[in-house]
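To start, the structure under review is shown below, and the notes come after it.
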Amino acid sequence: MNNGRAIPLINSVCYVRLAVGEPGASARFVSDIFGLQRVADLDGEIAFRSDDRFRTVSLGRKAPDGASIGIEVWDDDALKEIGRRLREAGFTAREATADECRRRYVQSALLAADASGNRIDLVVRPTRSGRRYFPARDAGIVEFHGVGLRTTDHARDLAFWRALGAEVSDWVGDIAYLRIDGLHHRVTLYPSKRNGILYAAFEVEALDQIMQNSYFMQESQIRIVQGPGREPASRQMFLHVEGPDGLIFSYVNGMAKLDEKPRLARQFPLTATSLCDWGSESKDVPELGAPA
Amino acid sequence: MIQLKDVSYVRLGSPDLESAENFATTCLGLQIAERGKKDLYLRSDARAHTLCYSEGDPGDQTVGFEVEDEASLQEAASTLESLGHAVHAGSAHEAEQRKVKAFIGFRDPTGNHVELVVRPERSGRRYFASRDAGITGFSHIGLNSTDPGRDERFWTQVCNARVSDRIGDIPLMRVNAIHHTIALVRAPKAGIQHINHQVESSDDVLRSYYFLSGRRVPIVFGPGRHPTSGARFLYFKGPDGMIFEYSVGVDEIEDEATHRPRQFGFEPTSFCMWGAKPAGMALPNN
């Protein structure tokens, strides 16, 4: 996983920056309904916490550089190495300006894009908070977990992630679950007709919170896109809900941990039973469903 | 004092054995043990049968409990008679029908038909389900009660049941280490309110939720989790309106001597801590 290095190049997905039509209205969904803690507004971006990091989600107005995901890089040496690898593989990656770093609450960063055009910030020393996470609603969130990304150029996007040291844990059809630490996956690439962030996933304490949130969303008349369900490959339970502007936020729990041993990526067919062990289906989000 | 060891079986009358069989195998996931002309025996665990449908009135519902031996059975018969309960001594033929060595029948104060049995048969072959619902065994029943306070006294003072928890004035009672084997449910007349089968995991509860929903089986409560026993559950409706429950993770009472029943308020969160609301099913005490 470390590409021959003693230490990994990257070690977490540390934030998502989302672009929406009306940040204020979306912010109410993110805090009051989904259960994140609103912390700060900076240059029109509203930031939210989900764990001991200073922020893991921010909402901004739709703008050219509005949406991106943050990947935490080990240190500045690792950042140089990543820059070199990405440029060799034909990707663009430029150093972030001081202002861009400030807006991302990080010390230094390379701003890159994969072949689909998804913006990926490679960041060093993202800001943490000394205060514990204290949300407005008890949704049971313990941590920002990871992201699902849409990909229009599957092979090249995979090359991008492999340059960072990510590896495929399993396949469902051409959906690739990518691991960057001891967990089955933190990033999932979903073949799609367009690019963009498919969902941002947040770990909750247990099945109890997945189910409590499921009933809470039904009562709040929030659309459940899929779930409650369980991914057969990773054993992760999930509930995908839809917020304003079609943003999908997910509660997840129970993902399998992988040990250090080399392991073949397993191939599952692209069928409903490969995507959900329990039988939930997504009718409206093509990336989350399987052809009937 | 009568010492109940475990719940043993349920006998249900049904005017349509064919649809009962269809539901039991394709939806509930039990195994057919024996198909008689007028009886259908179904397995859910190592026992020879735990559910029997007999051609007849769906109002005929009986629950059987196991007692230690024939001496205990005789003792139970005289205890019940001394308290004014008419006791029916099972004939050899009736015992054979129930796959037990001997039994007696009586009615509890609400009028529920109860049987006490000795040496119910087990099977040498393991249970092999008709569909993979993950069933591990028949575990408890909900019993209608026209007066939960009075019936709690009957079950605890005459039959040695112990109250594990109460929701409002309705008791969840155990006869062994399992949190409850009998749950009393306030209702206008006698009857079995639900029949519980345990499943292997929460996954099975959720899988069955989608499986049964897809087959248009009415889901009446759940998926949910009881804060009393800790069990994850799903209630759904079978033939003749009988409610079946799958659940997993029922607590066991660790210290029989010192366990103190907890009191839960009579409110929805006492029945489900996830937020499920019952639909088309009377909550205990409603």
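The values are calculated or read from the model by the stated rules, or taken from the named source; none is laboratory data. Given the structure is predicted, the values throughout are model-derived calculations rather than measurements. In this analysis, Cβ positions are derived from the backbone assuming ideal geometry, glycine residues included, and neighbour counts consider all displayed protein chains. All accessible areas refer to the heavy atoms of the entire protein, side chains included, with ligands and DNA or RNA removed. Shrake-Rupley method; radii C 1.70, N 1.55, O 1.52, S 1.80 Å.
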Give the residue, chosen from A:LEU198, A:LEU239, A:LEU247, that is touching a Ser or Thr at 6+ places or on another chain (Cβ under 9 Å), at pLDDT below 95, crowded, with 20+ Cβ neighbours inside 10 Å and more than 11 Å from chain B (Cβ to nearest Cβ).
-> A:LEU247
Please go through region A:274-288 and pick out each residue that is assigned to a helix (DSSP H, G or I) and either within 13 Å of another protein chain (Cβ to nearest Cβ) or among the polar types (S, T, N, Q) (or both).
-> A:SER274, A:LEU275
B:LEU184 being buried (at least 24 other Cβ atoms within 10 Å of the Cβ), touching a Gly at 6+ places or on another chain (Cβ under 9 Å) and within 14 Å of chain A (Cβ to nearest Cβ) | no
Which is basic (Lys, Arg) and either open to solvent by less than 40 Å² (accessible area, probe 1.4 Å) or within 14 Å of chain A (Cβ to nearest Cβ) (or both), of B:ARG262, B:ARG232?
-> B:ARG232
For region A:28-43, what are the residues that are at positive phi and in contact with a strand residue (DSSP E or B) (Cβ under 6 Å, 6 or more places away or on another chain)?
-> A:GLY35
Report, ordered by the first and then the second residue, all pairs with beta carbons closer than 7 Å, sequence separation of six or more or different chains, a first member in region B:188-216 that is without any contact (Cβ under 8 Å) to a residue 40 or more places away in the chain and on the phi < 0 side of the Ramachandran plot, and a second member that is of a type in the set (Val, Ile, Thr) and open to solvent by 40 Å² or more (accessible area, probe 1.4 Å).
-> B:TYR209/B:ILE219; B:SER213/B:ILE219
Can you name the strands (runs of 3 or more DSSP E) wholly within region A:5-54 that have at least 3 residues being farther than 19 Å from A:ASP121 by Cβ?
-> A:37-42
Within region A:138-153, track down each residue that is more than 15 Å from the chain's Cα centre (by Cα), more than 21 Å from A:LEU183 (Cα to Cα) and open to solvent by less than 40 Å² (accessible area, probe 1.4 Å).
-> A:ALA139
May I ask you to say which residue of B:ARG150, B:ARG207 is at pLDDT 95 or above and more than 14 Å from every other protein chain (Cβ to nearest Cβ)?
-> B:ARG150
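Quick grid of which residues meet (1) among the hydrophobic types (A, V, I, L, M, F, W, C); (2) more than 14 Å from B:ILE253 (Cβ to Cβ):
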{"residue": "B:PHE138", "(1), (2)": "yes, yes"}
{"residue": "B:VAL158", "(1), (2)": "yes, yes"}
{"residue": "B:ASP165", "(1), (2)": "no, no"}
{"residue": "B:ILE170", "(1), (2)": "yes, yes"}
{"residue": "B:ALA177", "(1), (2)": "yes, no"}
{"residue": "B:THR181", "(1), (2)": "no, no"}
Residues of region B:210-229 classified as open to solvent by less than 20 Å² (accessible area, probe 1.4 Å) and closer than 18 Å to A:GLY229 by Cα, total = 4
Are any residues in region B:98-112 buried (at least 18 other Cβ atoms within 10 Å of the Cβ) and under 25 Å from B:GLN31 (Cβ atoms), and if so, which ones?
-> B:ARG98, B:LYS99, B:VAL100, B:PHE103
Candidates B:GLY238, B:GLY224, filtered to the one that is under 21 Å from B:GLY137 (Cβ atoms), touching a helix residue (DSSP H, G or I) at 6+ places or on another chain (Cβ under 9 Å) and within 12 Å of chain A (Cβ to nearest Cβ) = B:GLY224
Go through the residues of region A:263-277 one by one and say whether even a single one is hydroxyl-bearing (Ser, Thr, Tyr) and surrounded by fewer than 19 Cβ atoms within 10 Å (Cβ to Cβ).
-> yes
From the list B:ARG162, B:ARG150, which residue is under 24 Å from B:LEU116 (Cβ atoms), within 17 Å of the chain's Cα centre (by Cα), among the basic types (Lys, Arg) and open to solvent by 10 Å² or more (accessible area, probe 1.4 Å)?
-> B:ARG162
Can you find a residue in region A:202-215 that is at the interface with another protein chain (Cβ under 10 Å from one of its Cβ atoms) and touching a Ser or Thr at 6+ places or on another chain (Cβ under 6 Å)?
-> yes
Of the residues in region A:217-236, those that are more than 12 Å from chain B (Cβ to nearest Cβ), of a type in the set (A, V, I, L, M) and more than 16 Å from A:GLY289 (Cα to Cα) number 1
